[in-house]
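Okay, structure first, notes after.
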2 protein chains.
Amino acid sequence: MGANGREPAPATRLLAGSAGWLLGDVAREVTLRLEEALRGDELRWRDYGVLVILESAGPLSQQEIGRRLAVDRSTMVHVIDVLEQRGLVARGRDRADRRAYAVELTGAGRALLAEVLHPLTDAVHEQVLGRLTPGERRTLTRLLARLAGPARDA
Amino acid sequence: MGANGREPAPATRLLAGSAGWLLGDVAREVTLRLEEALRGDELRWRDYGVLVILESAGPLSQQEIGRRLAVDRSTMVHVIDVLEQRGLVARGRDRADRRAYAVELTGAGRALLAEVLHPLTDAVHEQVLGRLTPGERRTLTRLLARLAGPARDA
DNA sequence: TATTGTTATACTCTATAACTATA
DNA sequence: TATAGTTATAGAGTATAACAATA
């Protein structure tokens with residue numbers, strides 16, 4: 001009898017009007033479609049985040065990965081457990097600090113990203129952004145990049 | 001020891017680059033700031049959504065409100081309980097269907113929206129969008145409005 | 001004394017199922 | 001028989017606190 005799959009935020013399409021609300025609406029749609037797309041591989045948005053971080057930042061401790069995702073280290077234990085059981089990451093030891101793991105992508109993890117996950121998310125972005133012309137898209141990207149910068153207070 | 005307040009989505013600023021990821025980053029920042037701003041009035045994003053929906057769509061049943069927010073009716077019971085206890089909404093009876101409530105804004109609810117909550121969210125939007133010139137902002141709004149339309153599949 | 005990973009535990013959020021009163 | 005609201009309950013998700021190994 002549920003109305004939800006397992007979405008993070010409510011779908012308040014009613015509030016639209018200003019750029020702020022529209023932003024939320026569009027982003028929510030992207031997120032929902034991404035979660036939906038990843039479901040086929042039994043991955044959550046967060047799992048994908050771990051893999052992408054490891055791909056771009058090499059071996060990291062569990063705590064460091066959690067810090068970048070705003071997830072507690074105690075929560076990371078299970079997240080990494082699952083990814084390790086699926087053979088997508090491996091817990092190596094950090095030779096400089098034997099308390100910490102050096103979590104790294106396996107070949108399988110790297111391949112899954114390149115062959116499945118990245119194309120999947122590209123496709124989702126394409127579905128949503130495809131309504132714009134290439135020129136409009138460049139404009140949008142430029143404006144959003146201005147907004148996405150660091151510290152910005154009124 | 002937590003890394004979170006109670007955010008919905010992880011903060012993966014690392015993935016930025018394309019419009020799709022930037023969109024998520026900016027929207028996440030808006031959401032975090034909104035939750036933060038509403039915390040002062042001990043309201044969650046969802047509570048605000050209920051009030052806004054009632055403001056724009058008049059008295060509605062709990063189930064209908066839940067449908068618009070993608071929240072189950074069993075969950076709505078407590079949401080409305082709290083808002084009612086705070087005197088922001090009232091459970092009237094739907095005279096056409098005595099099974100259903102006709103939940104409506106009270107004067108206090110309407111006043112809180114007008115005097116506190118709407119200004120608050122406007123301020124948050126201003127903080128994030130304020131980096132753009134008025135012209136850029138109009139452009140952004142126009143582009144997002146194109147994206148926020150209904151059904152759009154590749 | 002501080003930190004990484006771990007575990008046990010508790011708390012929050014939300015849905016499912018069963019119940020009631022209506023329809 | 002079906003529906004709105006309610007309640008009890010269960011599950012997912014995630015944090016806090018305490019512990020072992022290491023720094």
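Under the definition of partner shielding as Cβ atoms of other protein chains within 10 Å of a residue Cβ, what is the mean value for peptide A:26-38? Could the numbers behind the result be given before it?
Working: counts 11, 13, 7, 4, 7, 6, 1, 1, 2, 0, 0, 0, 0.
For this peptide, the per-residue mean of nearby foreign Cβ atoms is 4.
Say a site is exposed when it is one of the trypsin sites (Lys or Arg not before Pro), sits in a DSSP loop, and has at most 11 other Cβ atoms within 10 Å; what is then the longest site-free stretch of chain A?
That gives A:7-94 as the longest site-free run.
Average partner chain C-beta neighbours within 10 Å, per residue of B:69-79? It would help to have the intermediate numbers written out before the result.
Details: counts 7, 11, 5, 4, 2, 2, 3, 1, 0, 0, 0.
For this peptide, the per-residue mean of nearby foreign Cβ atoms is 3.
Over chain A, calculate the relative contact order: mean separation of alpha carbon pairs under 8 Å at least 6 apart, over the residue count, as a percent.
19
Mind checking A:132-144 for the average number of partner chain beta-carbons within 10 Å of each residue's beta-carbon?
Mean partner-chain Cβ count within 10 Å for A:132-144: 5.
Give me the dipole magnitude in Debye, nearest 20, for the protein assembly as shown about the Cα centre, with unit charges on the beta carbon: positive for Lys and Arg, negative for Asp and Glu.
Result for the protein assembly as shown is approximately 260 debye, rounded to the nearest 20.
What percentages, rounded to whole numbers, describe P(r) for the protein assembly as shown computed over all alpha carbon pairs with 20 Å bin width beginning at zero?
So the P(r) values, bin by bin, are 29, 54, 16, 0.
Using modelled backbone amide H atoms (1.01 Å from N, in-plane), which distant-in-sequence or interchain residues come within less than 5 Å of B:Val103's amide H?
B:Leu60, B:Ser61, B:Gln62, B:Gly92
Taking chain B as a Gaussian network, where each spring joins two C-alpha atoms under 10 Å apart, which residue of B:Gly87, B:Gly49, B:Gly135 fluctuates the most?
Per the Cα network of chain B with a 10 Å cutoff, B:Gly135 tops the list.
Give a quick list of GluC sites (Glu not before Pro) in the range B:32-61 that DSSP marks as loop, anything other than H, G, I, E or B, with at most 13 other Cβ atoms within 10 Å.
Hits after loop and neighbour filter: B:Glu42.
How much of the accessible area of the range A:19-147, in percent, comes from carbon and sulfur atoms when a 1.4 Å probe is used?
C and S fraction of accessible area: 49 percent.
What does the C-alpha gyration tensor say about the overall shape of the range B:78-154? Classify as rounded when a/c is under 1.5, otherwise prolate if a/b is larger than b/c, or oblate.
oblate
Every other copy gets compared here: list the nm distances from the A:Glu84 label point (7 Å along Cα to Cβ) to its counterparts, shortest first, one decimal.
So the distances to the same position in the other copies read 5.0 nm.
May I ask for the percentage of alpha-carbon pairs in the range A:19-147 that lie more than 25 Å from each other?
36
Counting only protein chains, not ligands or nucleic acids, how are A:Thr106, A:Thr75 ordered by accessible area (probe 1.4 Å), most first?
A:Thr75, A:Thr106
Charges at C-beta only: +1 for Lys and Arg, -1 for Asp and Glu. How large is the resulting dipole of chain B about its Cα centre, in Debye rounded to 20?
380
Could you work out how far helix B:73-85 tilts from the main Cα principal axis of chain B, as a 0 to 90 degree angle to the nearest 10?
80
Would you mind working out the accessible area per residue for chain B, using a 1.4 Å probe, and quoting it in Å²? Mind showing how you got there, number by number?
On the way: 7810 Å² over 154 residues.
Heavy-atom accessible area per residue stands at 51 Å².
The values are calculated or read from the model by the stated rules, or taken from the named source; none is laboratory data. Owing to the predicted nature of the structure, the values given are computational and were not obtained by experimental measurement. Please note: Cβ atoms are built from the backbone with ideal geometry, for glycine as well, and neighbour counts cover all protein chains shown. Surface accessibility is based on the protein's heavy atoms, side chains included, excluding ligands, DNA and RNA. Shrake-Rupley method; radii C 1.70, N 1.55, O 1.52, S 1.80 Å.
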